1. So what J values fall out for region 164-171 if you push phi through Karplus, 6.51 cos²θ - 1.76 cosθ + 1.60 with θ = phi - 60°, rounded to Hz, Gly and Pro as x?
2. May I ask you to evaluate 6.51 cos²θ - 1.76 cosθ + 1.60, the Karplus curve with θ = phi - 60°, for each residue of region 144-160 and list the ³J(HN,Hα) values in order in whole Hz, giving x for glycine and proline?
3. Round to the nearest 0.05 the FRET efficiency obtained for Gln69 and Asp167 when R0 = 30 Å and r is the Cβ-Cβ distance.
4. Got a sec to turn the phi values of region 79-88 into Karplus ³J(HN,Hα) couplings, 6.51 cos²θ - 1.76 cosθ + 1.60 with θ = phi - 60°, whole Hz, x for Gly and Pro?
5. Which of the GluC sites (Glu not before Pro) found in region 70-143 are in a DSSP loop and have at most 13 neighbouring Cβ atoms, other than their own, within 10 Å?
6. Defining a contact as two alpha carbons under 8 Å apart and six or more residues distant in sequence, what relative contact order in percent does region 94-226 show?
7. Under 5 Å between amide hydrogens, which residues at least 5 positions from Lys91 or on another chain qualify, with H placed 1.01 Å from N in the peptide plane?
Amino acid sequence: MNLKRTFATETQSHRDESQILACSAKSSVISSESLCLCGMTAFKSLLVAFALVLLCAVQSPALEVAGVQLDQAVAVRDQQLKLNGYGIRKKFFVKVYIGSLYSAKRLTTAADALKDSGDKVIRMNFLHSKVEKEKIIEAFTEGFTNNSPDLAGSPEVKKFLALFSADFKRGDVVDLVLGGDGSVAASHNSKVLGTITSPKLARAVLAIYLGDKPADDSLKQGMLGK
């Protein structure tokens, strides 16, 4: 009887040990699966994060021209105007400023740009150490005479030229906002110089850069994205 009890006890002990080993093995498998699952989740998260970084880089590429970071878009009247093109205005091989054209739609010809009724921005990022205001006013006056002779010397042109009362130096930014409503707004380093409403003036200002006799033909082509 004692022998049977001892055998039964040993048998039960073996069963218990087998169950413990089975549970341990099962726990190991579960732990391995959990570890593997966590690893895969972390890897997927890493891939997603990397993809987002690449997406941001594609959507916001850095555009550096002559050491100047050009904005890919500017906000005007609650809308985004995209960079249509840019070029460098040169005078006797001297780099004066970077001229950029921003528009609501793609403009590839001067004719399309001059007849387009959408908002536009002409931006000048100055590169030269110093440009006297008289030089810029002289260049504007010449541009009006060459491309809009019927408007040269008019009251609105004189008012436009009078907006510029300070010299320009490297790093300065001048914006000429040409509204679809015919308004012309000028700013110097974000300081508003004034606004003139005249559809003819707005077209004439654009023609200084994109007319038949532009200030710089290379700059004209650049602004048109060519």
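Please treat every number below as a calculation from the coordinates, not as lab data. Computed from a predicted structure; not experimentally measured. In this analysis, Cβ positions are derived from the backbone assuming ideal geometry, glycine residues included, and neighbour counts consider all displayed protein chains.
1. 9, 10, 10, 6, 10, 10, 4, x
2. Per-residue couplings from phi come out as 5, 5, 6, 10, 9, x, 5, 9, 4, x, 6, x, 5, 5, 4, 5, 5 Hz.
3. 0.80
4. In residue order, the calculated couplings are 9, 8, 9, 8, 5, 7, x, 8, x, 10 Hz.
5. Answer in residue order: Glu132.
6. With pairs under 8 Å counted, the relative contact order is 28 percent.
7. Val96
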